[in-house]
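Data first, discussion second: the structure below is written as C-alpha cells.
Quick note: the coordinates plus some simple rules give every number you see, no bench work behind them. Every value quoted in this text rests on a predicted model; they were computed, and no experiment measured them. For neighbour counting, all protein chains shown are included, and Cβ atoms are generated from backbone atoms with ideal geometry for every residue, glycine included.
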Amino acid sequence: MNEPCDHRHRAEFDRRRFLSQATLGAGSLALASLLEGSAAGPVVQHHPARAKRMIYLFMHGGPSQLDLFDHKPRLREHHGQELPDSVRGDQRLTGMTSGQASKPVTSSVFSFRQHGESRAWISELLPHTAARADDLCIVRSLRTEAINHDPAVTLLQTGHQQPGRPSFGAWVNYGLGSENASLPAFMVLVSDGSAARPADPLYARLWGSGFLPSNHQGVALRASDDPVLYLSNPPGISVNARRDQLDVLAALNRRQLARQGDQEIETRITQYEMAFHMQTSVPDLIDLSDETASTLAAYGPQCEQPGTFARHCLLARRMAERGVRFIQLYHRGWDQHYNLPSDLRLQCQDVDQPVAALLGDLKQRGLLDDTLVVWGGEFGRTTYSQGNPTATNYGRDHHGGCFTMWLAGGGVRSGTIHGQTDDFSFNVVRDPVHVHDLNATLLHLLGVDHTRLTYRFQGRDYRLTDVHGNVIRELVAVG
C-alpha cells in the first residue's frame, strides 16, 4: 500500500521541480530588464547636466548668517534695543526664547570686508573662503518654516519635516546612478566641531533611502579601524574564497529573484557585489600617500588627522575624482545659543581653510566646472540675543525666516550675491528662495527635472521637492 503513495509523492515532486525550473528559466530571461528597473534606478537625464556630481558641505546646527555672510552694519545703531514687533511679525519662535521677556537686538562683534570683483561682504572669520569669493554664488535669502534642528535638517535633506522619505543623495543615486562600479554612488563623512557643544543627533536616516530600494542609501565612512564595518575579510578567508562565496550567494539570490520578483533580493545582489569591490577601492580611496606635500599643506594641519573636517574635504576631492555621484560632509557644532563669539570662531577655524582648499583643488584639476559644491546649514540665527548679551559675548536662537548658503562650480553663476534681507536680517525682502526651490535648482544643475524624478509608493508618486519648488534661474550660469 506504500508503493502507490511513493509514486504519487515522486510525481508531485517532479511536477514541482518542472514548474520551478520553468519559472526559473522565464525569470532568468527577465533578470536583465529587472536589474535596469527599480533597484538600479531609472538613470534619467531630462536636459544637459551642468554638474556630474555634488559635494554637500553641511554645517549642522545652523550657522549665524549675521556673523558670517549677511553684513548688517546698521544693527549697531539698534544694539541693545528691543526687536520691533513690526520686524518680528507673526514668525514662530522656539520654546527657548518665545517666553524670553526681552529680545535685545545684537550686532555682530566681527568685522566684515568686501572681497573679489563681486564685492561680497564676508566675515573676518572666513579669510580663506573670502579669497575665493568670485567662485561663490552667495544666497542670502533662504527660508524654511522649520525652526528646530531635526525637522529642519530632515526638510532640507528629504523634502519633508517628518522622517521616512528618501534623502537627497538617495534620490540622486536612484535617478543618475554611479560613474564608478567599485565605489558607492552616495558617500557620507561626519566630523565633530571644535566648539564644546552637546552633540546634536545626526540620524542615519538623513542619508537613508526611505522607501527607495535600500542600495541607494548613503555609505558612511568611519574615522578609525575599518572605514566600513566588516569590510576586511576575517582571518582565514582569502579574496578568492570570498569571491567564490559571493558567486554562490549570487546564484541562489538570482534563483529566488526569478521566482519571486522581490526587488530587495535584487538590491541584495547589488550590495554584496559592491561590498566585494569596496574591499580594494575604499582602502585605496583613504590612502593619502600619493598626495603631494603642497596639497596636504593647502588643506591645513588637521588634514593629517582621521575624522577631521579637513581630512574629509580632501577625501571628498578624491571621491569626486573617482566618480562618486553624491558626497555629503556633515560638520557638527554650529548651534550657538550661547558663547557664540568664541564657539563660532572655533567652528570656522575647522572649516575655512579646508573648504577653500577643496574649491582650489577641484579648480586646479579641472573638476570644479562639473562638480556642484554646496555650503550651509538647516537654518540661520536670530538677530536678538538668547539670554542677556554683554559687550563681548552673546548667543542666538534658531531662525528660519532667512539664512545664507553658498553654491560653487557645476553651472552655478559664480561671483554673485542673490537675495536680500531687511536691516535686521530677520525677513527676506528680495528674491526669496525656499528650501524646495533650492533643491529644485540643485537637481536642475545635475540635469534632472525635479517634477519628473518620482517614485510610486503606497499609491502616490513622491519626489524630493514634494509638491513644491521652482528652479531659481538667477543662480544658474548663462550658457
Given 372-382, 308-318, 186-196, 245-255, the highest-first ranking by average Cβ count within 10 Å works out to 372-382, 308-318, 186-196, 245-255
Counting only residues 5 or more apart in sequence or on a different chain, those whose built amide H sits under 5 Å from that of F457 are Y462
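May I ask what percent, to the nearest 5, of DSSP beta bridges between residues of the chain are antiparallel?
So the antiparallel bridges in the chain amount to around 45 percent.
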Taking Cα atoms only, helix 2-35 is inclined relative to the longest principal axis of the chain by an angle, in degrees rounded to 10, of 40 degrees
Magnitude of the Cβ-charge dipole (Lys and Arg +1, Asp and Glu -1) of the chain about the Cα centre, nearest 20 debye, reported as 720 debye
Once phi for every residue in region 126-134 is put through the Karplus expression 6.51 cos²θ - 1.76 cosθ + 1.60 (θ = phi - 60°), the whole-Hz ³J(HN,Hα) values, with Gly and Pro written as x, are 10, x, 6, 4, 4, 5, 10, 4, 6
Interchain or sequence-distant (5+) residues whose placed amide H lies within less than 5 Å of the amide H of H418 are I138, V139, R140
So, relative contact order of region 286-392 in percent, Cα under 8 Å, 6 or more apart, is 28 percent
Cβ density ranking, 10 Å radius, fewest first, applied to R460, R92, R197 yields R460, R92, R197
Going residue by residue through region 286-303, the Karplus relation 6.51 cos²θ - 1.76 cosθ + 1.60 with θ = phi - 60° gives ³J(HN,Hα) values, rounded to whole Hz and with x marking Gly or Pro, of 8, 7, 8, 5, 8, 7, 6, 4, 5, 5, 4, 5, 4, 7, x, x, 5, 4
The helix 309-321 Cα axis meets the longest alpha-carbon principal axis of the chain at an angle in degrees, between 0 and 90 and rounded to 10, of 50 degrees
In order over region 463-479: 3J(HN,Hα) from phi, Karplus 6.51/-1.76/1.60, θ = phi - 60°, whole Hz, x for each Gly or Pro, gives 8, 4, 8, 6, 10, 10, x, 9, 5, 8, 5, 5, 8, 9, 5, 6, x
Relative contact order of the chain (C-alpha contacts under 8 Å, at least 6 apart) in percent is 29 percent
The helix 435-445 Cα axis meets the longest alpha-carbon principal axis of the chain at an angle in degrees, between 0 and 90 and rounded to 10, of 60 degrees
Magnitude of the Cβ-charge dipole (Lys and Arg +1, Asp and Glu -1) of region 91-228 about the Cα centre, nearest 20 debye, reported as 520 debye
Rounded to the nearest whole number, the per residue volume of the convex hull around the C-alpha atoms of the chain in Å³ is 184 Å³
Distance in Å, no decimals, from the C-alpha centre of region 175-189 to the one of region 206-277 is 14 Å
In debye to the nearest 20, the charge dipole size for region 389-479, taken about the Cα centre with +1 at each Lys and Arg Cβ and -1 at each Asp and Glu Cβ, equals 320 debye
